[in-house]
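Remarks on the structure that follows.
The values are calculated or read from the model by the stated rules, or taken from the named source; none is laboratory data. Computed from a prediction, not measured in an experiment: that's the story for all the values here. Please note: Cβ atoms are built from the backbone with ideal geometry, for glycine as well, and neighbour counts cover all protein chains shown. All accessible areas refer to the heavy atoms of the entire protein, side chains included, with ligands and DNA or RNA removed. Shrake-Rupley method; radii C 1.70, N 1.55, O 1.52, S 1.80 Å.
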Amino acid sequence: MGRHAAFGAEIACQLGAPDAVVRGVRAHHIDAQDEPDAPVEARVVRVADAMVVMTVGRAYSPARAFAEA
């Protein structure tokens, strides 16, 4: 699961994203229980990632309305 975070961070870096965004993408799979001081950027990316998963849907789970997510 964490490999896509590294790939995403590399893509963000190549696109010229600010360092804070690159850090957030790279760290968004850090478990907050294991690492309570995960960067705030990672927490923002984690929430955005969860919203995409819920509103777009997956093969195992249908999409939900934004308000429901």
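If I ask for residues that are among the polar types (S, T, N, Q) and either surrounded by 13 or more Cβ atoms within 10 Å (Cβ to Cβ) or touching a Cys at 6+ places or on another chain (Cβ under 7 Å) (or both), which ones from segment 41-69 would you list? Scanning segment 41-69 gives a single hit, THR55.
Determine whether segment 10-31 contains at least one residue that is out of contact with any Phe, Trp or Tyr (no Cβ under 9 Å at 6 or more places or on another chain), of a type in the set (Asp, Glu) and at pLDDT 90 or above. Checked against the condition, which is being out of contact with any Phe, Trp or Tyr (no Cβ under 9 Å at 6 or more places or on another chain), of a type in the set (Asp, Glu) and at pLDDT 90 or above, segment 10-31 yields at least one hit. Going through (1) open to solvent by 100 Å² or more (accessible area, probe 1.4 Å); (2) at pLDDT below 90 one by one, HIS4 falls short only on (1).
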